[in-house]
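Structure first, commentary second.
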Amino acid sequence: MESRASPVGVQGAIFCFGVMNVEKENVIIELVGVTNRYNDTVAVDNFNFYVKKGEFVSFLGPSGCGKTTTLRMIAGFEHPTEGKILLNGKDIADLPPYERPVNTVFQKYALFPHLDVYDNVAFGLKLKRIPYETTDRDGNKVTKYRKLTKKEISKKVTEALKIVDLEEFEWRDITTLSGGQQQRIAIARAIVNEPQILLLDEPLGALDLKMRKEMQIELKEMHRKLGITFIYVTHDQEEALTMSDTIVVMKDGQIQQIGTPEDIYNEPKNAFVADFIGESNLYEGTYMGNRKVRFLNHIFDCVDDFPANEKVNVVVRPEDVKFAEVGKGMIDGVLTEKVFKGIHYEYTMMVGRNEVTIQSTRSMETGVPVSVNIAPDLIHIMKKTIVSNVYDDAYIDNDNRVIIAGGAFDCDVTQLVPGSSLDEEGYVIAPDGKKYDFKDADVLVDVSLSDIEIIDNEEDGVVCGKIVSMIYLGNHYQVLIRTEDDEDFVADTEYTWNEFDRVSVRIPAEKIRMTLRGEVSKYVKD
Amino acid sequence: MVKQTTRILARVFVGIMLLIMYAPILLLMVFSFTEAKVIGSWTGFSLDLYPDLFRNTEIVTAVVNTVVVALSSAAVSTVLGTVGAIGIHYSGRRMKTALEGVSQIPIMNAEIVTALSLTILFVYFGVRFNFLTLLIGHVVLTLPFVVLSINPKLQQMDPNIYEAALDLGARPAHALRRIILPEIMPGIFSGFLLSVTLSLDDYIITAFTRDTSFATLSTYVYGVTSKKGTLPPTLRALTTLIFLVALLLLILMNLRGKKREEGTR
């Protein structure tokens, strides 16, 4: 795929996407700066992307990432707080759903239970007005609108039911159909209207695995035959990889990456995408310069280019780790686990304290030393997303504690004046005898990821929050804790936590690094 | 052995309960077939009370009045209640909880309070008591019950079907008529029936909001008994008939419910 989105600004882990003005004539729908806010929560934050005619696009992400909200804005059930939705170049952001040439397949089908199959499928057709040309009394040609005839409706319904393989079901009651059959009727009800875009909101979520796999293939086939643009919402990465031409990976209301399934799998933009799409080994490493990267205590050749000595995240897919002759590979370790997966075995190899997941068709013994190789082009290096926790709105309270994210943390205020000490009244005394009062002083706080302690008891820490994400980085987890005020703490920890766990956070006083904002002379006490 | 005794005891208990519940009605029914002036003295079997009932124009007018009030107030309540329930259902979360609570307070409220406040309201605005004030009174009485019986149907409904209708090109009014209303129809129907029954036997609100020359069954019966101090014999026939009509309605409703259950299976 040609580059459809280019980063225009990078702030930490946040990527913004601008759209290049290429092949615009082929674009069917475009989102420009679309933001959806509900009270104070931002469901969708500044989305910019376009979909080409006839494309199969998937919105992929965990729950709460904004994918369904985006779909509902395209359908017209929700309106963007800011931004434009252009359908064939025209802004439709304020058009009601019944005037949009798009149709939706809902997650729980949303069939009309009091109507039979035929009337469900014919519902949209009965409301449709089609233009026709006629001559008025003065002999001028005018365009008028008429309803579809019963015959036309019946023909279209039969065709739609044939597409979903339920020809004989016209007069059946909806309640007598199985889940899979209801799903097909929901699809027929949408496609019978010949929409320009078909929106599918996790349509296979309620089906069992085997049925889901079958329907994936059928949907793809339908997409090919009908030539309609499909926009598909899913949290199942495998489903997205199998079916899509283009995948939009989302998280926390932000687009993480747009690309073909191959792009997204082979060249993930950041650790989240790498972890979310497929299985992967994720490590923290250092780029040594000259196409060499160091991780797992080994310097590997690689093909990516980064500034020398930059901290990076490294992704290696389990199937790209190859067994070598013992002692002659790049890294040595011990196999600790072996699981038969049908097509291949999945091994866990320990390299020091780091885990490496390996998928191989070779059967190996566990508990014995092994060596493995990783080819340079299969080592994918990404910019490390978060290096430390920085809070630029912290301040000191009157007990010499620092307020971070609404919590009062004990800290060492003497670090604000080199060589100083505290007197018994709590003032900072400099070596030259000057007295400082740092009450209400604004400070910039920096805390390393490894210095944040997570405590499962909410009362024991200083600030409470919810674990919103967890990524395994070879030998430890990187956990993102979000407080109710939407402040984030990112912590490196050896322990497993669960997403959505409520935890509290503690930081040892000596680990809080502070820089005073503004002149120190402002705080001199006479 | 112990088990058997408890089973027998349980049956006896249920029997006594039913007897207490139905004895008064049974007594009335039995004595509706005799012309005796007072209950207790049996002066021989007779069906005369029934034709007497229909020859009494006062009673016939009261019956007609009662039915007219019941049907018209139930109709008004059903329309208002349906619109209201749908409105509440599609309100924002906070608004919804508030409205649901407020709309159900009248159910808990003592009827005498409602009746008195209505009277005061009408007097305050100088409205003369007439059929309309009575109708308003009965609508106030029955409206919350209509909302109460429609609300669960709305909650059971697939939340997406309204959106699905819009998505397929239906304007909101069309979606409401063709999709929402058929879905909640059983609730609307039972709300209507509930309104009718509540209105039929209402005394307090009727007594306070009616024009005094306008008698319903309840005010007529109360008037007659309080004036003469005794129960006119024809009333025994009347109450028997009312009870039988109610019984018939109940059986019909149950049969309908059963049929629907079988239909969905």
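Scanning segment B:166-178 for residues being more than 7 Å from chain A (Cβ to nearest Cβ) and among the small types (Gly, Ala, Ser) gives a total of 2. Applying the set (1) touching a Phe, Trp or Tyr at 6+ places or on another chain (Cβ under 8 Å); (2) surrounded by 16 or more Cβ atoms within 10 Å (Cβ to Cβ) to A:VAL273 leaves exactly one unmet item: (1). Of the residues in segment B:127-136, none is aliphatic (A, V, I, L, M), within 14 Å of chain A (Cβ to nearest Cβ) and assigned to a loop (DSSP other than H, G, I, E, B).
Whenever a residue of segment A:130-155 is more than 25 Å from A:ALA188 (Cβ to Cβ), its partners that are at pLDDT below 85 and part of a loop (DSSP other than H, G, I, E, B), lying with C-beta atoms within less than 8 angstrom and at least six residues away or across chains, give the pairs A:VAL142/A:ASP136. Checked against the criterion of being closer than 30 Å to A:PHE323 by Cβ, hydroxyl-bearing (Ser, Thr, Tyr) and surrounded by fewer than 18 Cβ atoms within 10 Å (Cβ to Cβ), the candidates A:SER421, A:SER360, A:SER388 yield just one match: A:SER360.
One residue stands out in segment B:47-75 among those that are surrounded by 13 or more Cβ atoms within 10 Å (Cβ to Cβ) and among the hydroxyl-bearing types (Ser, Thr, Tyr): the one that is farthest from B:GLY187 (Cα to Cα), namely B:TYR50.
All of (1) within 14 Å of another protein chain (Cβ to nearest Cβ); (2) in contact with a helix residue (DSSP H, G or I) (Cβ under 6 Å, 6 or more places away or on another chain); (3) part of a loop (DSSP other than H, G, I, E, B); (4) over 23 Å from A:LEU204 (Cα atoms) hold for A:LEU111 with one exception: (4).
Scanning segment A:95-108 for residues that are more than 9 Å from chain B (Cβ to nearest Cβ) and more than 27 Å from the chain's Cα centre (by Cα) yields A:LEU95, A:PRO101.
Would it be correct to say that A:ASP136 is within 14 Å of chain B (Cβ to nearest Cβ), at negative phi and not polar (S, T, N, Q)? Explain how you work it out, then say what you get.
Values: within 14 Å of chain B (Cβ to nearest Cβ): no; at negative phi: yes; not polar (S, T, N, Q): yes.
The answer is no for A:ASP136.
Name the single residue that is modelled with the lowest pLDDT among those in segment A:197-222 being within 14 Å of chain B (Cβ to nearest Cβ) and surrounded by fewer than 16 Cβ atoms within 10 Å (Cβ to Cβ). Among them, the one singled out is A:ALA206. Taking segment A:288-310 as the range and being of a type outside the set (A, V, I, L, M, F, W, C), modelled with pLDDT of 90 or more, at negative phi and assigned to a loop (DSSP other than H, G, I, E, B) as the test, no residue passes.
In the set (1) aliphatic (A, V, I, L, M); (2) over 23 Å from A:TYR477 (Cα atoms); (3) touching a strand residue (DSSP E or B) at 6+ places or on another chain (Cβ under 7 Å), the condition left unmet by A:ILE343 is number (3). When you scan segment A:179-196, how many residues do you find that are buried (at least 18 other Cβ atoms within 10 Å of the Cβ) and under 19 Å from A:ILE153 (Cα atoms)? Counting residues in segment A:179-196 that are buried (at least 18 other Cβ atoms within 10 Å of the Cβ) and under 19 Å from A:ILE153 (Cα atoms) gives 11.
The values are calculated or read from the model by the stated rules, or taken from the named source; none is laboratory data. Treat the numbers as computed from the prediction; the structure is a model and nothing was measured. Cβ: placed from backbone, ideal geometry, glycine included. Neighbour counts: every protein chain shown.
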